[in-house]
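To keep things clear, I will list the structure first and then write my remarks on it.
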Amino acid sequence: MLKKILIGLLLSSSLFGVDLIKKEAKQSAEKKYKFFSGPKSLFSFRFADKFFKYSTAYASFSLNAPRYKDDRFAIVGGLSTGDLVVERTEGELKPDFQTSFGIRKVGRFQYEPKRGVKSAGKGGTWYDGSEHNANESATFGPVKGWEYLIKWSEGRQWGNEYVNQEYWLRYIGDWMMVKVGMTELGLEDIAYGQADLRVHLTPEALGDKLHFSLGVKHRQHPVYGFDAMVLDTTWYRGAWWAFAETAFGIDDNEWRDPAHFDEDGNWFGTDLLEYRNGEWVTLDPDDGGGPFWNDDGQARGYDWLWRDADGKLFAYTDREYFLYHFPSMLEEYIGEKKKALGNQNETSLVIGVDYYHYGDNWWLHGWGNWLPVHYGHDLHAYHNAAHYGDHLDQKGKPHEFKFKDAMWHDWNDYDMGAIFGVKIQDNLGVFAEGRYLFYWERPAYDIKLGVNYQFMGF
């Protein structure tokens, strides 16, 4: 919902501004010496002009050679004859790519390189959507007023496809800051919307370099922190095979070995024999386990075949299905169940600190936000996930967990970042840059460290 509201706000503002500009241009042509028709038009034109001035829109596409992938081999026949039939599948080479577009108006700090059309080729470069500016995560920018960012990219990296999105609109005033936005990190599997309202203070005694803020942050996010055992207790408390049939739309059918049944169809237990070192040896049920013993340790002459929804046979025993198919099916089932629950809502207290210093020889820009207390609005908001974690730590059983109503709960969410650079000499410098986000026990981070040395001659 926040994503739709934000995009709608920005797009409607853009259209509003364009219409106003066209209208004012027409009026100025009709009235050569009267640029504005009145106070309302004056305000509207100036607001639109100021809101969009110095913003940059971009779109780009990049393509990179794929990572090499070996051919794969599979045995497709010859089980009974011993003459194996091998099938070869060539490695599918899919190139890495990224498609991006965006529009941005974000103040540039002094340590940042210039980007955009005016700077391209003159010590700067283009915007292409691949840049990961750490300071875009900073709480405050270098200027007051309106700032915004629309940033979308879709691509493939080492065979993993992803969608990254970031949208935000921010206003910084003399004593307050408000920000609404939405973030999705496809590879890290983190997505959330936010609305952030704070008061801020910059003590003059500290040289206007240190910045404190206090406020509330409201977030929307998918269901995090709940495992399969609490979201659906039926699969492990009842007969798992009955659950699998119902939940996954598959079927199991019994098969029998006639040698283990008498003429009347009554089953009788036998020993399971292994031909070892030239003789038949009775196999102990504890020696490797397996699906072929009953609860009394007797070899059984029956098991179950598993077929998919189309009737195709894909597992010959319960053990095969349970070990190699059931986990992935359960994971997909729980994933769909989480998705069906929709977004959850939390309101949190947020405390922030920012520091910025820029000099000719060194600079430091650092920020951090701590969210210690939270009010969970929904049944599957993270306040219940935190309670569920405490429940498991106390050796409680998942099905005994009691969901709590909307309430306050304390846990630590935080995000931080820093950019540091030092020119040790004219031709020698070091740098460090990184950001770290830890929300709902899901980390996302990137860190860069390095040294630059420029040879001046021998």
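Every number in this text was worked out from the coordinates using simple rules, so none of it is lab data. Predicted model only: the values in this text are computed from it and were never measured. All Cβ positions, glycine included, derive from the backbone under ideal geometry; neighbour counts span all protein chains shown.
Annotations for the structure displayed:
- Dipole magnitude for the chain: computed about the Cα centre from +1 point charges on Lys and Arg Cβ and -1 point charges on Asp and Glu Cβ, it is near 5080 debye.
- Comparing F326, V281, L305 along the charge dipole axis of the stretch 228-338, the residue lying farthest to the positive side is F326, per the Cβ-charge model.
- Using alpha-carbon coordinates, inclination of helix 326-341 to the longest axis of the chain, degrees: 40 degrees
- Once the Cα atoms are used to define both axes, helix 2-30 deviates from the longest principal axis of the chain by about 30 degrees.
- Mean shadow area of the stretch 354-397, taken as a quarter of the surface of its Cα convex hull (nm²): 5.5 nm²
- Fewest-first ranking of I103, I447, using other Cβ atoms within 10 Å as the exposure measure: I447, I103
- Helical mean residue ellipticity (222 nm; -39500 (n - 2.57) per DSSP H run of 4+; nearest 500) of the chain: -6500 deg cm²/dmol
- Dipole of the chain, positive direction: furthest Cα of I351, T234, L93, with charges on the beta-carbon: I351
- Close amide H partners of Y302, meaning residues 5 or more places away or on another chain with modelled amide H under 5 Å apart, are D257.
- Scattering curve values for the stretch 228-338, log₁₀ I(q)/I(0), Debye with Cα scatterers, q = 0.18, 0.21, 0.24 Å⁻¹: -1.00, -1.17, -1.31
- Axis of helix 39-52 versus longest Cα principal axis of the chain: the two differ by about 50°, to the nearest ten degrees.
- Restriction of the trypsin sites (Lys or Arg not before Pro) in the stretch 161-226 to DSSP coil positions whose beta-carbon has at most 16 other beta-carbons within 10 angstrom yields K209.
- Amide H contacts for L379 (H built 1.01 Å from N in the peptide plane; partners 5 or more residues away or on another chain; cut-off under 5 Å): none found.
- Positive-end residue, the chain charge dipole about Cα centroid, Cβ charges, pick of A259, F314, F73: F73
- Only alpha carbons enter this Debye calculation for the chain, each as an equal point scatterer, and the log10 of I(q)/I(0) it gives at q = 0.07, 0.09, 0.14 Å⁻¹ is -0.60, -0.87, -1.44.
- Centre separation in Å (Cα based) which lies between the stretch 188-243 and the stretch 373-414: 12 Å
- Charge dipole magnitude, Cβ of K and R +1, D and E -1 - the stretch 303-372, Cα centre, debye nearest 20: 140 debye
- Under the Karplus curve 6.51 cos²θ - 1.76 cosθ + 1.60, θ = phi - 60°, whole-Hz ³J(HN,Hα) for the stretch 251-260, x wherever Gly or Pro sits: 9, 10, 10, 6, 10, 9, 9, x, 5, 9
- Rel. contact order, % - alpha carbon contacts under 8 angstrom, at least six apart, the chain: 10 percent
- Pairs beyond 28 Å (Cα-Cα), from K114/K151; K69/K151; K50/K122; K337/K397; K118/K217: K69/K151; K118/K217
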